[in-house]
1. Does the stretch 206-216 include one or more residues that are within 15 Å of the ligand (Cβ to nearest atom) and either at pLDDT 95 or above or touching a Ser or Thr at 6+ places or on another chain (Cβ under 6 Å) (or both)?
2. Name the strands (runs of 3 or more DSSP E) wholly within the stretch 270-373 that hold at least 1 residues that are under 26 Å from the mean Cα position of the chain (by Cα) and among the hydroxyl-bearing types (Ser, Thr, Tyr)?
3. Take the stretch 221-254 and flag every residue that is within 19 Å of PRO37 (Cα to Cα) and surrounded by fewer than 19 Cβ atoms within 10 Å (Cβ to Cβ).
4. Answer yes or no as to whether ARG188 is assigned to a helix (DSSP H, G or I), more than 16 Å from the ligand (Cβ to nearest atom), among the basic types (Lys, Arg) and open to solvent by 20 Å² or more (accessible area, probe 1.4 Å).
5. When you go through LEU240, LEU212, LEU245 one by one, which is the residue that is under 20 Å from the mean Cα position of the chain (by Cα) and assigned to a helix (DSSP H, G or I)?
6. If only one of ASP53, ASP92, ASP64 is out of contact with any helix residue (DSSP H, G or I) (no Cβ under 9 Å at 6 or more places or on another chain) and modelled with pLDDT of 95 or more, which one is it?
7. Pairs needed: first member in the stretch 140-153, touching a residue at least 24 places away in the same chain (Cβ under 8 Å) and under 17 Å from ILE255 (Cβ atoms); second member anywhere, near the ligand (Cβ under 10 Å from one of its atoms) and in a loop (DSSP other than H, G, I, E, B); C-beta distance under 8 Å; at least 6 residues apart or different chains.
8. Restricting attention to the stretch 14-45, which residues are without any contact (Cβ under 8 Å) to a residue 40 or more places away in the chain and surrounded by 16 or more Cβ atoms within 10 Å (Cβ to Cβ)?
Amino acid sequence: AAATATLSRDEVITSHPYNNVTDSIFQKIGTNLHQQPSHPLGILKGAIYDYFDQQHPGTFTTFDGLAPVVAAKANFDEILIPADHVSRSPNDTYYVDPDTVLRCHTSAHQAEILRQGVRAFLVTGDVYRRDSIDATHYPVFHQMEGVRVFNPADWQAAGMDATQFAETELKRTLEGLAQHLFGAVEMRWVDAYFPFTEPSYELEIFFNGEWLEVLGCGVMQQPILDKNLGPGQKAWAFGLGLERLAMVLFDIPDIRLFWTADQRFLKQFKAGDLTTKFKSYSKYPPCYKDVAFWISDAFTENNLCEIVRSVAGDLAEEVKLIDNFTHPKTGRTSHCYRIAYRSMDRSLTDEEINALQDEVRSTISDKLKVELR
Ligand code: PHE
């Protein structure tokens with residue numbers, strides 16, 4: 001695994017009008033939590049590597065240091081994401097400039113690795129998405145991508161057609177993975193849609209009384225293989241979110257905890273040990289502040305959340321729409337959002353929270369075309 005090249009601030013936060021990367025996002029680049037063997041994300045990555053190594057020793061090449069700044073082409077076009085797909089919107093994706101993004105999934109590396117002639121690989125990395133704020137959403141998280149290519153001898157020996165063979169092999173592989181991580185759990189396959197696979201599925205497991213989606217996968221669309229590796233092959237691909245799985249496996253209640261430097265969190269986990277159940281060391285009280293404003297057509301919740309994150313950082317626990325009404329006479333729409341502030345490491349003072357809320361308010365009125373109420 002190659003090391004991530006260091007990216008300077010100027011390379012990521014450019015003056016291009018399309019740029020929407022904030023400082024708090026830039027500062028996450030290069031942290032590479034998944035490379036720390038005793039961090040929950042590193043432990044999970046290691047456990048998945050172990051599974052593939054046991055099943056197919058030496059078969060999968062692993063990449064876990066590919067830089068997250070990628071060509072928009074690699075993130076979208078090369079894996080057949082249509083020109084009008086929502087994920088391309090700057091409301092959802094961080095753009096460095098119109099041709100360059102912070103990858104929004106590890107699928108961004110499929111084509112380039114196939115072009116290197118690698119036929120089975122796992123890619124782990126940080127991915128970036130503009131999103132809402134709550135206990136399970138964070139604008140940076142980690143994914144692992146898996147791809148395996150087969151040739152005609154493989155499906156002919158099994159007496160199946162190529163797609164059927166890849167699909168069967170994919171499902172067997174991922175059911176085995178889920179069992180390796182979760183033990184004897186109930187599982188089900190749900191039909192899904194991804195532009196780069198057909199057929200596509202999500203795997204769900206029954207855990208703590210509910211069905212939980214653990215990954216997306218499918219049989220790779222043929223043009224991706226034909227173009228980047230050569231004709232006559234077939235492949236499966238999957239992508240899974242490491243935080244989501246780690247929260248379930250280790251009982252981690254809030255996604256911000258993955259980023260804490262607090263030893264009371266970090267000390268609880270041990271490299272190679274999947275059995276740790278996180279014990280909350282303390283829970284400080286949340287403090288709620290409301291902000292209401294008249295919106296304009298350009299308003300989006302992701303833009304609001306970006307402001308809250310840049311002002312309050314990880315002290316912002318949740319941003320929730322609690323009131324939404326349209327004035328019968330003027331036709332204007334008002335939103336009221338409730339912001340929950342809470343530190344996971346200490347208690348916050350009233351002064352501190354009031355100062356944050358004041359800055360959130362003034363930044364909203366400067367940057368979003370809304371009128372505070
Ligand atoms: N890239 C998809 C996502 O982020 C997951 C995926 C990967 C689905 C590979 C199918 C194949 O949601």
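1. Yes: the stretch 206-216 contains one or more residues that are within 15 Å of the ligand (Cβ to nearest atom) and either at pLDDT 95 or above or touching a Ser or Thr at 6+ places or on another chain (Cβ under 6 Å) (or both).
2. Working: elements: 287-294, 316-326, 333-341.
Once the strands (runs of 3 or more DSSP E) in the stretch 270-373 are filtered for at least 1 residues that are under 26 Å from the mean Cα position of the chain (by Cα) and among the hydroxyl-bearing types (Ser, Thr, Tyr), what remains is 333-341.
3. Within the stretch 221-254, ARG244, VAL248, ASP251 meet the criteria.
4. When the stated conditions are applied, ARG188 does not pass them.
5. LEU245
6. After ruling out the rest, the residue left standing is ASP53.
7. PHE141/ARG129; GLN143/HIS105
8. PHE26, GLN35, GLN36
The values are calculated or read from the model by the stated rules, or taken from the named source; none is laboratory data. The structure presented is a predicted model; accordingly, all values stated were derived computationally and were not measured. Counting neighbours? That spans all protein chains shown, and the Cβs are built from the backbone with ideal geometry, glycine included. Calculation scope for accessible area: heavy atoms of the full protein, side chains included, ligands and nucleic acids excluded. Shrake-Rupley method; radii C 1.70, N 1.55, O 1.52, S 1.80 Å.
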